[in-house]
Amino acid sequence: MAVVIAPVLVEKGELSEPLESIAARTGLSVRRVNECLRLLREHACISSRGGAEDGAPVYVLHQV
């Protein structure tokens, strides 16, 4: 999961992609992708910045 989202977070500064799209790229279920993102939020690796216009969640690298 991190291999897929980390380059986007570093290059663009944020990840704004539907969970279904991430699931398709990782081979994980949407439920598992959501669980992984929640785990990364709980460990302060990423922060949620609301949602994009298309409804996709927006995540950014956690700032200390």
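The values are calculated or read from the model by the stated rules, or taken from the named source; none is laboratory data. Here the structure is a predicted model, which means the values were calculated and not measured. Ideal geometry is used to build each Cβ from the backbone, glycine not excepted, and the neighbour counts take in all protein chains shown.
Residue under question is S48, and the condition is that it be surrounded by 15 or more Cβ atoms within 10 Å (Cβ to Cβ) and over 15 Å from V3 (Cα atoms); does it hold? No: the conditions fail for S48. If you go through region 51-61 and keep only what is under 12 Å from the mean Cα position of the chain (by Cα) and surrounded by 13 or more Cβ atoms within 10 Å (Cβ to Cβ), you end up with A56, P57, V58, Y59, V60, L61.
If I filter region 9-45 down to residues being part of a helix (DSSP H, G or I) and among the hydroxyl-bearing types (S, T, Y), which single residue comes out as surrounded by the most Cβ atoms within 10 Å (Cβ to Cβ)? Among those residues, the one meeting the criterion is T26.
Of all residue pairs spaced 6 or more apart or on separate chains, those with beta-carbon atoms under 7 Å, a first member in region 5-24 that is farther than 15 Å from R49 by Cβ and a second member that is assigned to a loop (DSSP other than H, G, I, E, B) are P18/A56; A23/S29. Residue check: D54 meets all listed conditions (1) at pLDDT 95 or above; (2) part of a loop (DSSP other than H, G, I, E, B) but one, namely (1).
Within region 23-45, being charged (D, E, K, R) and over 13 Å from V3 (Cα atoms) holds for R31, R32, E35, R38, R41, E42.
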